[in-house]
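To keep things clear, I will list the structure first and then write my remarks on it.
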Protein chains: 2
Amino acid sequence: MTAVRLTGAEGRRKVGAQIRQALRVGDLAPGQRLVEQDLADDYGVTRSAVREALMDLAADDLVELVPRRGARVRVVSVAEAVQITECRAALERLCARKAAVLASPAQREELVQIGAQMRDAVAAGAVDTYSGLNRRLHELVVQASGQEVARRQLERLNGQMVRYQFRLALRPGRPAQSLPQHLAIIDGVVAGDPDAAEAAVAAHLDSVVEQLQAADPRPS
Amino acid sequence: MTAVRLTGAEGRRKVGAQIRQALRVGDLAPGQRLVEQDLADDYGVTRSAVREALMDLAADDLVELVPRRGARVRVVSVAEAVQITECRAALERLCARKAAVLASPAQREELVQIGAQMRDAVAAGAVDTYSGLNRRLHELVVQASGQEVARRQLERLNGQMVRYQFRLALRPGRPAQSLPQHLAIIDGVVAGDPDAAEAAVAAHLDSVVEQLQAADPRPS
DNA sequence: GTCGACGAGATTGTTGACAAGAAAGTCGAC
DNA sequence: GTCGACTTTCTTGTCAACAATCTCGTCGAC
């Protein structure tokens, strides 16, 4: 590797993105120590850049920053994952309700398409495709609601959940179970029925909480 | 002022707290530019400390950090304040519901006392006292819910609202209007009735949204 | 054999100087 | 008199060295 050492702001953004990516993929284990100099060498940036990137990540609760002791990948317990999902539910219910009223025709159209594609993906057993559509669905509902504040909060919350979402999607039978729930959300929003949309989102995320607890019945 | 120049972590915490305080009180106007060296001199810390403190504040959306152009106190429009309040409502509803089930006897007792003190404060026209009790009430409900994730999110949201909360509390007749709503929240939680508690919180924050929009009918 | 003190190495925290960029003020041309 | 280019000044961004602290391994005493 004879990569040029990136300088400055560019480097800082790069490190942040790289670490986030590594967390998503699972290259960085929860609890793992993150040594500034090592990261700087790995990514070819200076320690300052790494330092600022770590502070960013800590602000998003992705890493834990202990003074004089460095950074560790934050471990989110099942109990905390449940709390995060409860908050997601609270915020997404709000968004679903508003989206049912405010969504543009184009957005409603995309929702319908996502629903059809989800059906196909489940029928074909395409887990990855389904997972991507799932993300897009939630994202689109939030966008359509116009609730920017909620959008930012949800982004942060979702960032902390990647590990669990991944594990959840892989459970056999899970897509078949969540498909009707997702379709209900789509129906509610497309039909312009706030109550139905909200109820569908609530039911869906209740089911996620249930699955989380079933995955690890022992609250740490 | 011959104050010793604080060093390091201590300094960083101090600056953060000082700036937050200044924002609360209104010493720092929205949109005002924050020059790193000036703050460093004012508070007797190094520029590095100020820099890190500003990054913290930016993570909480209290200041806006424009590359190469420095930090400004973030302006939150009425429209955004409404969105923030909607998110608060979503999260506090969740907390109220859980608090109604989970609150300890001691916490229920304190809620009852806060209710009584609020009555007295309104009768006496003690706006500041009432405002403090208001804060404590919301805080206590969140604490009693055990929802730590929601607590952190609400803390962040409330930090952005200080200016509006302040202006709202000063509107004549506002305490008399919100008192019954607060008492309803207390009743719901103390009685252990999740539905009632949630509904009371929802009604209260709907009323806050209404007041916000009345304060400035023009969405920016 | 275990516990505790000591010391070497590793890691983070802090600082000040320097570089790069933006804003403001000045001068000249039209 | 006004507009635009240039220069000056101010401000932020970057970096590398230094200092403070922590961790871990080693050694010795009981």
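The values are calculated or read from the model by the stated rules, or taken from the named source; none is laboratory data. Note that the structure is a prediction, hence the values are computed from the model and not measured. In this analysis, Cβ positions are derived from the backbone assuming ideal geometry, glycine residues included, and neighbour counts consider all displayed protein chains. The protein model used for the area step is the full one, side chains on, heavy atoms only, and it has no ligands, DNA or RNA in it. Shrake-Rupley method; radii C 1.70, N 1.55, O 1.52, S 1.80 Å.
Collect the residues in the range B:90-119 that are free of Cβ contacts under 8 Å to residues at least 24 places away in the same chain and more than 14 Å from every other protein chain (Cβ to nearest Cβ), keeping them in residue-number order.
Of the range B:90-119, the ones free of Cβ contacts under 8 Å to residues at least 24 places away in the same chain are B:90, B:105-106, B:109, B:113, B:116-117.
B:Pro105, B:Ala106, B:Glu109, B:Gln113, B:Ala116, B:Gln117, listed by residue number.
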Within the range A:58-84, restricting to residues that are in contact (Cβ under 8 Å) with a residue 24 or more places away in the chain and in contact with a Lys or Arg (Cβ under 7 Å, 6 or more places away or on another chain), the one that is nearest to DNA strand C (Cβ to nearest atom) is A:Gly70
In the range A:34-78, anything under 23 Å from the mean Cα position of the chain (by Cα) and of a type in the set (D, E, K, R) is listed as A:Glu52, A:Asp56, A:Asp60, A:Asp61, A:Glu64, A:Arg72, A:Arg74
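In this structure, does B:Arg93 turn out to be more than 12 Å from DNA strand D (Cβ to nearest atom), at pLDDT below 90 and open to solvent by 70 Å² or more (accessible area, probe 1.4 Å)? Full working, then the answer.
Working: more than 12 Å from DNA strand D (Cβ to nearest atom): yes; at pLDDT below 90: no; open to solvent by 70 Å² or more (accessible area, probe 1.4 Å): yes.
It is false that B:Arg93 is more than 12 Å from DNA strand D (Cβ to nearest atom), at pLDDT below 90 and open to solvent by 70 Å² or more (accessible area, probe 1.4 Å).
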Based on what the data block shows, is B:Glu109 over 30 Å from A:Val78 (Cβ atoms) and either modelled with pLDDT of 95 or more or more than 20 Å from the chain's Cα centre (by Cα) (or both)? yes
The condition of being among the charged types (D, E, K, R) and not in a helix (DSSP H, G or I) holds, among A:Arg171, A:Arg167, only for A:Arg171
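Yes/no matrix, rows are residues, columns are (1) closer than 20 Å to B:Glu148 by Cα; (2) in contact with a helix residue (DSSP H, G or I) (Cβ under 9 Å, 6 or more places away or on another chain); (3) not hydrophobic (A, V, I, L, M, F, W, C):
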residue: A:Gln21; (1), (2), (3): no, no, yes
residue: A:Met55; (1), (2), (3): no, yes, no
residue: A:Val73; (1), (2), (3): yes, yes, no
residue: A:Val76; (1), (2), (3): yes, yes, no
residue: A:Ile84; (1), (2), (3): yes, yes, no
Scanning the range B:105-145 residue by residue, those in contact with a Lys or Arg (Cβ under 8 Å, 6 or more places away or on another chain) and open to solvent by 40 Å² or more (accessible area, probe 1.4 Å) turn out to be B:Gln143
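Whether any residue in the range B:96-110 is of a type in the set (Asp, Glu), in contact with a helix residue (DSSP H, G or I) (Cβ under 8 Å, 6 or more places away or on another chain) and more than 13 Å from DNA strand D (Cβ to nearest atom) is what I want to check.
Within the range B:96-110, the subset of a type in the set (Asp, Glu) is B:109-110.
Remaining after also requiring in contact with a helix residue (DSSP H, G or I) (Cβ under 8 Å, 6 or more places away or on another chain): B:110.
Keeping just the survivors that are more than 13 Å from DNA strand D (Cβ to nearest atom) gives B:110.
The answer is yes, given that some residue of the range B:96-110 is of a type in the set (Asp, Glu), in contact with a helix residue (DSSP H, G or I) (Cβ under 8 Å, 6 or more places away or on another chain) and more than 13 Å from DNA strand D (Cβ to nearest atom).
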Exactly one of A:Leu34, A:Leu54 is within 16 Å of DNA strand D (Cβ to nearest atom), among the aliphatic types (A, V, I, L, M), within 14 Å of chain B (Cβ to nearest Cβ) and without any contact (Cβ under 8 Å) to a residue 40 or more places away in the chain, and that one is A:Leu54
Exactly one of A:Asp60, A:Asp27 is acidic (Asp, Glu), open to solvent by 30 Å² or more (accessible area, probe 1.4 Å) and more than 9 Å from chain B (Cβ to nearest Cβ), and that residue is A:Asp27
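What about A:Val149, is it in a helix (DSSP H, G or I), more than 20 Å from A:His182 (Cβ to Cβ), of a type outside the set (D, E, K, R) and touching a helix residue (DSSP H, G or I) at 6+ places or on another chain (Cβ under 6 Å)?
Working: in a helix (DSSP H, G or I): yes; more than 20 Å from A:His182 (Cβ to Cβ): yes; of a type outside the set (D, E, K, R): yes; touching a helix residue (DSSP H, G or I) at 6+ places or on another chain (Cβ under 6 Å): yes.
In short, yes.
With the requirement that a residue be open to solvent by less than 20 Å² (accessible area, probe 1.4 Å), away from chain B (no Cβ under 14 Å) and within 15 Å of DNA strand D (Cβ to nearest atom), what does the range A:12-24 give you? It would help to see each step written out before you state the result.
Within the range A:12-24, the first condition is being open to solvent by less than 20 Å² (accessible area, probe 1.4 Å), and the residues that meet it are A:15-16, A:19, A:22-23.
From the residues that got through so far, the ones that are away from chain B (no Cβ under 14 Å) too are A:15, A:19, A:22-23.
Selection gives A:Val15 alone.
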